[in-house]
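Asker: Next up is a structure, given as structure tokens.
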2 protein chains.
Amino acid sequence: MACVEATDREELLETIRGHLNAPGGPAAGGTAWLERVRSLQPYDFAELLRELHPYEQLALIPLLPRDYAAAALEYLEPVEQYQLLHQLSPDVGSELLLEMSSDVVVDLLLAVHPNQAAKLLGWLPSEYREQIDRLMTFPPNTAGSLAAVDYVAARENWTVDQTLRHIRKVAREAETLSYVYVLDARGRLTGVVSLREIFLADPNARLADVANRDVIAAYALDDQEEAARLLSKYDFVALPVVDDEDRLVGIITVDDVVDVIRDEASEDIQKLGGSQPLTESYFRTPVQDLFRKRVGWLLVLFVAEAYTTTVLKHFETTLSADVALAFFVPLLVGTGGNTGSQTVATLVRALAVHEVTFRDLFRVILREAATGILLGLAMGAAGFVRALIVGVGPHLGVVVATSALFIVIWASLVGAFLPLVLHRLGVDPAVVSGPLIATLVDGTGLFIYFTVARMMLGLH
Amino acid sequence: MACVEATDREELLETIRGHLNAPGGPAAGGTAWLERVRSLQPYDFAELLRELHPYEQLALIPLLPRDYAAAALEYLEPVEQYQLLHQLSPDVGSELLLEMSSDVVVDLLLAVHPNQAAKLLGWLPSEYREQIDRLMTFPPNTAGSLAAVDYVAARENWTVDQTLRHIRKVAREAETLSYVYVLDARGRLTGVVSLREIFLADPNARLADVANRDVIAAYALDDQEEAARLLSKYDFVALPVVDDEDRLVGIITVDDVVDVIRDEASEDIQKLGGSQPLTESYFRTPVQDLFRKRVGWLLVLFVAEAYTTTVLKHFETTLSADVALAFFVPLLVGTGGNTGSQTVATLVRALAVHEVTFRDLFRVILREAATGILLGLAMGAAGFVRALIVGVGPHLGVVVATSALFIVIWASLVGAFLPLVLHRLGVDPAVVSGPLIATLVDGTGLFIYFTVARMMLGLH
């Protein structure tokens, strides 16, 4: 069950190549091999297609049903799609383009040169072309940029039976059959009916009486994250997107939302690691881009960390009086940074999934203070033990322990406070990366350490 | 459009309370208010329900259609579900339980005391009870643990028309109508037909001839992440789950997968922050659990970081010869940690979304080495400038610059190597948190720094 095994795959590739290059033409040995290709999932066929030579791809695609080939093409990158489409005969190419989902077509047209896009657009019937043109106007990362126009729409005055017949008629093109969107005469979205409700309703009932009028929709210029949130909150399979006048622009399907959720998580993880998120996959990102995405934050952190030098220089006499104090500098600032990083990661995620908001600031600070005190006591004990093992004596041990306690509490509070405040100010809290919080508590940690040392050891 | 505004919500709550407590009973003032309640999305109604008193909840629920009330109940926590169900009259309670999705019922039964679960199970017809019993046997985080038995199944020898009539009959109970699962006489899954294909097929065709036999399915004991991966790879709305003998156990729907993807991202983010992931939401996690989830890693990191003390003690004479060397310790180890954290975050995410595998180790190391050299040059220059500003002279400036170069390259390589090797060993690479990589490169960074200093400054 499931998937194409590597060995099957090689054998199938050989079979395809053999038939495509057969002396009597691809159909000479019968079409059983084509049936076998068609029984693959479109995704798996797309993977196979990538391993064929371009001339083999161009020979194979016209032999397959258009809807099947179009479904597979949707899994290729826009540039690969264009390479294939523009080399196929215009009638095959245009049929495939028509069968492809409109959101995929929009991504394709936005990715290629305007002249190339114009050529492909010329293949489409004028009404569809206008719809696509409109979808192309929505900025990236908006709900509108994910929308597809291949939805099932019906009029308020239709009967249930009439609607069901319409669904069957447009089943082939539609992205989802799960919902019928009810429009008034001016194209405004006034209701939604699920296919389930249509099946259960009286065939002679009017759609207006069956439809749910509490429509949940995203506005075209809403952030795509907002659309993803609505769709997953209500467990929908598709979400309608409307313009300012409530006219239906398109629908976003759940597979797009899965991609959005995944991409947002990737962005947060990379930001929390202290890097600007990559816009392409890892291996598609050139080394100079990896460099650019990282060097900015590294330099910012370097400049921020540079004040540790100032703090240490300030305590130069203390340090000269007891060089052993320097031994514990990385250990103490490291522990502070680790504590801050833990707190930040927990809270950035809790903010992202809406478990915590700015209104909870006081509760969060209380919880993190309590946690920080417990952690500080544990780390203080560990610090004391370590100082004894290093052999610097119990006096310095008490200094290290006391400093660890205060540094851990301080790091917990800063790590709790910053993400909530930034979120409140409309800044993505994920910019408070682990490295940033570590940097922020390093200098203050050193200040705590040397102040404690001066007071307890009577140094200057 | 969309959602219930805060003001509407208060007003609606008042209306509901007024009618529930009306002298002549809830229906005294007509049922228009109930229609208004029913027009809410089940999710929004569940939110509203939470704000009513228990006695109000118990009075309201029986007044609503069972399927609507059950859909709303599904959004409550298992404990809240149980509180309501067991206090309602057994006939209302059992009807609601029957209408609820089987995967939600399983979660409910697993969350309550066995005696309570037995009571609820007793309300179910015996055949359904057996199915639920079986679903309850799958361990947490397996594909089987997410499965629901409310699917549409058909026999191979049915006609398309017969199948369509069957779909309409079971529409009310089914989790999704998008797919019909084709079973043989022994309950084995032999094919899948989409509703779209059924609409487009000849009504007299046999299901066996229309069904797709290249079935993509998860095994019940597969990790839930594997199921999520399959479902999102193929852009399905639901994925069948089978046992070892290919018998259909249930289906996983895309809304479950959205939750899995979100939870896995949360886990990775918390691990990368250096904490054990929380199993509950932030505010449901008691402070002692926040402490426990963090203290383990903090102590491990402390012990690992403790060797920085040893390194510094080893270089005590060098340090005493020029105390100014200590000024740059936090800056250099911090920069190393930041670089490592950036690389780790990028690669852990690339591994999680399958952009990178262990086979790419060599390519990854090459790319990260190149990036590391560029970053090292930038940070070396910054280090030199900083040393001049602090006023420690150009000699120490060159030492700081050279050390920064090597430390950054070293951190890039370790940050690239570790996640891939751990992934290969079957360990979740997200355990290589930012704090862990920072800790690992801190001691080696100090060693690099003091070795460079000794050589360049002629110290001992």
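Asker: So how many residues does the stretch A:292-349 have that are of a type in the set (Lys, Arg) and more than 26 Å from the chain's Cα centre (by Cα)?
Answerer: Result for the stretch A:292-349: 1.
Asker: Still on this model: Any residue in the stretch A:346-362 that is assigned by TED's automatic domain parsing to the domain that holds A:Glu226 and open to solvent by less than 30 Å² (accessible area, probe 1.4 Å) sitting within a Cβ distance under 6 Å of a residue that is of a type in the set (Asp, Glu) and not in a helix (DSSP H, G or I)? List the pairs, counting only those 6 or more apart or interchain.
Answerer: If the second residue must be of a type in the set (Asp, Glu) and not in a helix (DSSP H, G or I), no pairs are left.
Asker: Now a separate question. What number of residues within the stretch B:312-336 satisfy the criterion of being closer than 15 Å to A:Gly334 by Cα and either of a type in the set (Phe, Trp, Tyr) or more than 7 Å from chain A (Cβ to nearest Cβ) (or both)?
Answerer: Summing the residues that are closer than 15 Å to A:Gly334 by Cα and either of a type in the set (Phe, Trp, Tyr) or more than 7 Å from chain A (Cβ to nearest Cβ) (or both) in the stretch B:312-336 gives 3.
Asker: Within the stretch B:80-111, count every residue that is over 18 Å from B:Tyr128 (Cβ atoms) and of a type outside the set (Ser, Thr, Tyr).
Answerer: Qualifying residue count, the stretch B:80-111: 7.
Asker: If only one of A:Ile407, A:Ile389 is under 16 Å from B:Phe302 (Cα atoms), open to solvent by less than 40 Å² (accessible area, probe 1.4 Å) and assigned by TED's automatic domain parsing to the domain that holds A:Phe447, which one is it?
Answerer: The conditions single out A:Ile407.
Asker: Could you check the stretch B:354-393 and list, in sequence order, the residues that are more than 9 Å from every other protein chain (Cβ to nearest Cβ) and in a loop (DSSP other than H, G, I, E, B)?
Answerer: Selection gives B:His354, B:Thr357, B:Gly393.
Asker: Quick one: A:Ile373 ticks every box in (1) more than 29 Å from A:Ala265 (Cα to Cα); (2) surrounded by fewer than 24 Cβ atoms within 10 Å (Cβ to Cβ); (3) touching a residue at least 60 places away in the same chain (Cβ under 8 Å) bar one, so which box is it?
Answerer: Of the numbered conditions (1) more than 29 Å from A:Ala265 (Cα to Cα); (2) surrounded by fewer than 24 Cβ atoms within 10 Å (Cβ to Cβ); (3) touching a residue at least 60 places away in the same chain (Cβ under 8 Å), the odd one out for A:Ile373 is (3).
Asker: Working only within the stretch A:38-60, note down all residues that are aromatic (Phe, Trp, Tyr) and closer than 20 Å to B:Phe236 by Cβ.
Answerer: Of everything in the stretch A:38-60, those that are aromatic (Phe, Trp, Tyr) and closer than 20 Å to B:Phe236 by Cβ turn out to be A:Tyr43, A:Phe45.
Asker: Read through the list (1) within 16 Å of the chain's Cα centre (by Cα); (2) closer than 25 Å to A:Ile409 by Cβ; (3) β-branched (Val, Ile, Thr), then give the number of the only condition that B:Ile261 fails.
Answerer: Evaluating B:Ile261 over (1) within 16 Å of the chain's Cα centre (by Cα); (2) closer than 25 Å to A:Ile409 by Cβ; (3) β-branched (Val, Ile, Thr) leaves (2) as the failure.
Asker: With A:Glu51, A:Glu56, A:Glu95 as the choices, which residue is acidic (Asp, Glu), out of contact with any Pro (no Cβ under 9 Å at 6 or more places or on another chain) and assigned to a loop (DSSP other than H, G, I, E, B)?
Answerer: Sole residue among the options that is acidic (Asp, Glu), out of contact with any Pro (no Cβ under 9 Å at 6 or more places or on another chain) and assigned to a loop (DSSP other than H, G, I, E, B): A:Glu51.
Asker: Got at least one residue in the stretch A:266-279 being more than 7 Å from chain B (Cβ to nearest Cβ), acidic (Asp, Glu) and out of contact with any Pro (no Cβ under 9 Å at 6 or more places or on another chain)?
Answerer: No, the stretch A:266-279 has no match at all.
Asker: Going through A:Glu225, A:Glu245 one at a time, which residue ends up being touching a residue at least 24 places away in the same chain (Cβ under 8 Å), more than 25 Å from A:Thr279 (Cα to Cα) and not small (Gly, Ala, Ser)?
Answerer: Sole residue among the options that is touching a residue at least 24 places away in the same chain (Cβ under 8 Å), more than 25 Å from A:Thr279 (Cα to Cα) and not small (Gly, Ala, Ser): A:Glu245.
Asker: Now, a different point. Just need a number here: residues in the stretch B:265-287 that are among the basic types (Lys, Arg) and crowded, with 18+ Cβ neighbours inside 10 Å.
Answerer: Result for the stretch B:265-287: 1.
Asker: Please work out which one of (1) buried (at least 17 other Cβ atoms within 10 Å of the Cβ); (2) in a helix (DSSP H, G or I) is the condition B:Arg17 fails and give its number.
Answerer: (1)
Okay, residues lined up against (1) modelled with pLDDT of 85 or more; (2) polar (S, T, N, Q); (3) within 20 Å of A:Val92 (Cα to Cα):
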residue: A:Arg17; (1), (2), (3): yes, no, no
residue: A:Gly30; (1), (2), (3): no, no, no
residue: A:Arg36; (1), (2), (3): yes, no, no
residue: A:Phe45; (1), (2), (3): yes, no, yes
residue: A:Leu58; (1), (2), (3): yes, no, yes
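Asker: In this structure, does A:Ser102 turn out to be out of contact with any strand residue (DSSP E or B) (no Cβ under 8 Å at 6 or more places or on another chain) and among the hydroxyl-bearing types (Ser, Thr, Tyr)?
Answerer: no
Asker: Ok, one more. Pick from the stretch A:33-51 the residues that are within 20 Å of B:Leu230 (Cα to Cα) and aromatic (Phe, Trp, Tyr): which of them is least open to solvent (accessible area, probe 1.4 Å)?
Answerer: It comes out as A:Phe45.
Asker: Looking at A:Arg262 and the list (1) at the interface with another protein chain (Cβ under 7 Å from one of its Cβ atoms); (2) of a type outside the set (Ser, Thr, Tyr); (3) in a helix (DSSP H, G or I); (4) open to solvent by less than 50 Å² (accessible area, probe 1.4 Å), which single condition is not satisfied?
Answerer: Among (1) at the interface with another protein chain (Cβ under 7 Å from one of its Cβ atoms); (2) of a type outside the set (Ser, Thr, Tyr); (3) in a helix (DSSP H, G or I); (4) open to solvent by less than 50 Å² (accessible area, probe 1.4 Å), A:Arg262 violates only (4).
Asker: Further question on the same structure: Looking only at the stretch A:316-325, which residues are open to solvent by less than 10 Å² (accessible area, probe 1.4 Å) and out of contact with any Lys or Arg (no Cβ under 8 Å at 6 or more places or on another chain)?
Answerer: Of everything in the stretch A:316-325, those that are open to solvent by less than 10 Å² (accessible area, probe 1.4 Å) and out of contact with any Lys or Arg (no Cβ under 8 Å at 6 or more places or on another chain) turn out to be A:Leu319, A:Leu325.
Asker: When you go through A:Tyr68, A:Tyr82 one by one, which is the residue that is in contact with a Pro (Cβ under 9 Å, 6 or more places away or on another chain) and hydroxyl-bearing (Ser, Thr, Tyr)?
Answerer: From the options A:Tyr68, A:Tyr82, the qualifying one is A:Tyr68.
Asker: Ok, one more. In the stretch A:394-404, which residues are within 13 Å of another protein chain (Cβ to nearest Cβ) and farther than 23 Å from B:Val300 by Cβ?
Answerer: Hit for the stretch A:394-404 is A:Leu396, nothing else.
Asker: Consider only pairs whose beta carbons are under 7 Å apart and that are at least six residues apart or on different chains; among these, list those whose first residue lies in the stretch B:438-454 and is under 21 Å from A:Leu436 (Cα atoms) and within 12 Å of chain A (Cβ to nearest Cβ) and whose second residue is assigned to a helix (DSSP H, G or I) and among the acidic types (Asp, Glu).
Answerer: Filtered contacts from the stretch B:438-454: B:Thr439/B:Glu305; B:Asp442/B:Glu305.
Asker: Condition test on B:Val79, is it hydrophobic (A, V, I, L, M, F, W, C), in contact (Cβ under 8 Å) with a residue 12 or more places away in the chain, open to solvent by 20 Å² or more (accessible area, probe 1.4 Å) and in a helix (DSSP H, G or I)?
Answerer: Taking the combined requirement at face value, the residue satisfies it.
Asker: Select, from A:Tyr82, A:Tyr55, the only residue that is under 26 Å from A:Ala118 (Cα atoms), in the same structural domain as A:His113 (by TED's automatic domain parsing) and under 30 Å from the mean Cα position of the chain (by Cα).
Answerer: A:Tyr82
Asker: Answer with yes or no whether A:Met100 is buried (at least 19 other Cβ atoms within 10 Å of the Cβ) and not hydroxyl-bearing (Ser, Thr, Tyr).
Answerer: Answer is yes for this residue.
Asker: Okay, moving on. Please go through the stretch A:288-311 and give me each residue that is facing another protein chain (nearest Cβ under 7 Å) and either open to solvent by 20 Å² or more (accessible area, probe 1.4 Å) or in a helix (DSSP H, G or I) (or both), ordered by number.
Answerer: Of everything in the stretch A:288-311, those that are facing another protein chain (nearest Cβ under 7 Å) and either open to solvent by 20 Å² or more (accessible area, probe 1.4 Å) or in a helix (DSSP H, G or I) (or both) turn out to be A:Leu290, A:Phe291, A:Arg294, A:Val295, A:Leu298, A:Leu299, A:Leu301, A:Phe302, A:Glu305, A:Thr308, A:Thr309.
Asker: Looking only at the stretch B:103-121, filter to residues that are free of Cβ contacts under 8 Å to residues at least 24 places away in the same chain and of a type in the set (A, V, I, L, M); which one of those is most open to solvent (accessible area, probe 1.4 Å)?
Answerer: Of everything passing the filter in the stretch B:103-121, B:Ala118 is most open to solvent (accessible area, probe 1.4 Å).
The values are calculated or read from the model by the stated rules, or taken from the named source; none is laboratory data. Fair warning: this is a prediction, and the values are worked out from it, not measured in the lab. So basically every Cβ, Gly included, is an ideal-geometry build from the backbone, and we count neighbours across all protein chains shown. Areas reflect the complete protein model, heavy atoms only, side chains present, ligands, DNA and RNA absent. Shrake-Rupley method; radii C 1.70, N 1.55, O 1.52, S 1.80 Å.
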